[in-house]
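The values are calculated or read from the model by the stated rules, or taken from the named source; none is laboratory data. What you see is a predicted model, and the numbers here were worked out from it, not measured in a lab. Heads up, the Cβs are rebuilt from the backbone with ideal geometry, glycines too, and the neighbour counts pull from every protein chain shown.
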Amino acid sequence: MSRQIARSMGVIRTCSSSSSSRYYEPYELSLAQRAFLVPFFGVRALLDPERGDLVAGFGDAVTTKPVLKKLHKHMLTTESGRQLMQNKPQLTEDTLDLEHLRSLPEGTLGKEYVKFMDIHGYSPDERAEVREWSLEGYCWCLIPY
């Protein structure tokens, strides 16, 4: 239902580059679209936090140009951030060794990531596509790692 509403508002558009892409062509939500989508996705995500599409939709709806620019600038200040922006990796079951992540010490990012995914029954392959971002080249700031 949430994808149908978003599609009817013109929020979900198809990607022109490749069918296997996990992101869409850049465009910016209007203020009216944000005014509807922020509470729509926000309330529904709070009521059903295990619906990753609602959580992702909320993140997409609240992200603005200044936020993306700041996040991108911050990512470029570290070697690992620059490497992520250059390599543009995607976290999938094919690219992650989930068993290795489970064997890491408590408190490490990898261990906490896989623990969170296990608790909620998520798979890295199930992340909803990034449906909106305001500036071309900034989508990698929104795709979760």
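Against the test of being of a type in the set (A, V, I, L, M), free of Cβ contacts under 8 Å to residues at least 60 places away in the same chain, more than 30 Å from Ala35 (Cα to Cα) and out of contact with any Cys (no Cβ under 8 Å at 6 or more places or on another chain), the options Leu84, Leu76 yield a single qualifying residue, Leu76.
Each row is one residue, and each column tells you yes or no for (1) on the phi > 0 side of the Ramachandran plot; (2) surrounded by 16 or more Cβ atoms within 10 Å (Cβ to Cβ); (3) among the basic types (Lys, Arg); (4) not in a helix (DSSP H, G or I).
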position	(1), (2), (3), (4)
Val43	no, no, no, no
Leu46	no, no, no, no
Val67	no, no, no, no
Lys70	no, no, yes, no
Leu101	no, yes, no, no
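Here is a list: Pro124, Pro89. Which entry is surrounded by fewer than 17 Cβ atoms within 10 Å (Cβ to Cβ) and either under 15 Å from the mean Cα position of the chain (by Cα) or modelled with pLDDT under 80 (or both)?
Step by step, each of Pro124, Pro89 is checked, and only Pro89 is surrounded by fewer than 17 Cβ atoms within 10 Å (Cβ to Cβ) and either under 15 Å from the mean Cα position of the chain (by Cα) or modelled with pLDDT under 80 (or both).
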